[in-house]
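Heads up, the thing below is written out as structure tokens.
The values are calculated or read from the model by the stated rules, or taken from the named source; none is laboratory data. On a predicted model such as this, the values are computed, not experimentally measured, just so you know. Heads up, the Cβs are rebuilt from the backbone with ideal geometry, glycines too, and the neighbour counts pull from every protein chain shown. Remember, those area values only see protein heavy atoms, side chains included, never the ligands or the DNA or RNA. Shrake-Rupley method; radii C 1.70, N 1.55, O 1.52, S 1.80 Å.
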Amino acid sequence: MIKETKIFCAIDTSDLDQACALSRQIAPVTGGIKLGLEFFNAFGLHGVERVMKATPDVQLFMDMKYHDIPNTVAGAVRAICENFALAYLNVHAVGGRAMMEAAKDACGDKTKLLAVTLLTSLDDAAIEEIGYCSGLAQRVEQLAVLARDVGLDGVVCSAHEIALLRVACGNDFVLMVPGIRPKGAAKDDQKRVMSPKEALAVGATHLVIGRPITGAPDPAEAAANILAGL
Ligand code: C5P
């Protein structure tokens, strides 16, 4: 039985059988997997159930990024948490205090609730275009501190925000970080990457790693090598 894990492997595939096979190989090594919107919209609750049946002991992070009025988000959170024992789930911090509070109330104490601050695909020009005037880093910090004040367990953040948020939000706060690449691995479409060891050293608590594991000839071996290098 796997209890705690630092690495959540992103299973991003449009083939459900492949998702189950990958989970079976990877979960015993990492202890954690992440399924996202693409997976959920393609395969729904049935797909999640299949993966959980394939790997019942895994810690599951559902990267759903909910953002709607508080009542609707609470209903969505309740529905998914009633169906599965999730380790982590997330909502958008820009949904605001009341939405995050409603989500937190709905998810119960077995699931850790994280906030997405600003999507890492947005740069300074893009956030100005949607009406945010202060700089990107300041906005990310403000949203992370709000999420912490509401009682959320942490945030999903990019590697270059780890140090800032560790100081702003204190030590008892989950920083779940995608965009992680072992030294020498292909960056794929990630722009700013950090190695697993560096990310943990500057204050990340958990890492989301996809293609460096799922795209390797032997995914279990790739995951084991990453863990060995920490
Ligand atoms: O394959 P790779 O390691 O790049 O996968 C990273 C995972 O983390 C993907 O599922 C991606 O959607 C997700 N993610 C991300 N950047 C964010 C939030 C989520 O790469 N800011």
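Of note:
- Residues of region 104-116 that turn out to be open to solvent by less than 50 Å² (accessible area, probe 1.4 Å) and under 21 Å from residue 177 (Cα atoms), as a count: 5
- Close pairs from region 5-17: first within 9 Å of residue 32 (Cα to Cα) and modelled with pLDDT of 95 or more, partner assigned to a loop (DSSP other than H, G, I, E, B) and among the hydrophobic types (A, V, I, L, M, F, W, C), Cβ under 9 Å, at least 6 apart: 6/204; 6/230; 7/230; 8/87
- All positions within region 1-58 that are within 20 Å of residue 207 (Cα to Cα) and part of a loop (DSSP other than H, G, I, E, B): 2, 3, 4, 5, 6, 11, 12, 13, 55, 57, 58
- Selection status of residue 150, under 18 Å from residue 37 (Cβ atoms) and of a type in the set (A, V, I, L, M): no
- For region 32-46, a residue qualifies if it is in contact (Cβ under 8 Å) with a residue 24 or more places away in the chain and out of contact with any His (no Cβ under 8 Å at 6 or more places or on another chain), and the qualifying residues are 33, 34, 35, 36, 37, 38, 39, 40, 42, 43, 45.
- Scanning region 81-96 for residues that are assigned to a loop (DSSP other than H, G, I, E, B) and open to solvent by less than 50 Å² (accessible area, probe 1.4 Å) turns up 84, 86, 87, 96.
- Residues (out of contact with any Leu (no Cβ under 9 Å at 6 or more places or on another chain), of a type outside the set (Gly, Ala, Ser) and away from the ligand (no atom under 16 Å from the Cβ)) located in region 102-121: 105, 109
- Pair list, Cβ under 7 Å, 6 or more apart: region 181-209 residue touching a residue at least 60 places away in the same chain (Cβ under 8 Å), other residue part of a loop (DSSP other than H, G, I, E, B) and aliphatic (A, V, I, L, M): 196/230; 200/230
- Some residue of region 143-164 being within 13 Å of residue 9 (Cβ to Cβ) and open to solvent by 30 Å² or more (accessible area, probe 1.4 Å): no
- Across region 117-142, the qualifying residues are those that are among the hydroxyl-bearing types (Ser, Thr, Tyr) and modelled with pLDDT under 95, and the one among them that is surrounded by the most Cβ atoms within 10 Å (Cβ to Cβ) is 120.
- Scan of region 191-207 for residues that are assigned to a loop (DSSP other than H, G, I, E, B), within 11 Å of the ligand (Cβ to nearest atom) and buried (at least 19 other Cβ atoms within 10 Å of the Cβ), ordered by number: 193
- Scanning region 208-221 for residues that are more than 15 Å from the chain's Cα centre (by Cα) and open to solvent by less than 20 Å² (accessible area, probe 1.4 Å) yields a count of 2.
- Residue in region 127-148 that is under 19 Å from the mean Cα position of the chain (by Cα) and among the aromatic types (Phe, Trp, Tyr) present: no
- Check on residue 78, farther than 19 Å from residue 210 by Cα, open to solvent by 30 Å² or more (accessible area, probe 1.4 Å) and touching a Cys at 6+ places or on another chain (Cβ under 9 Å): yes
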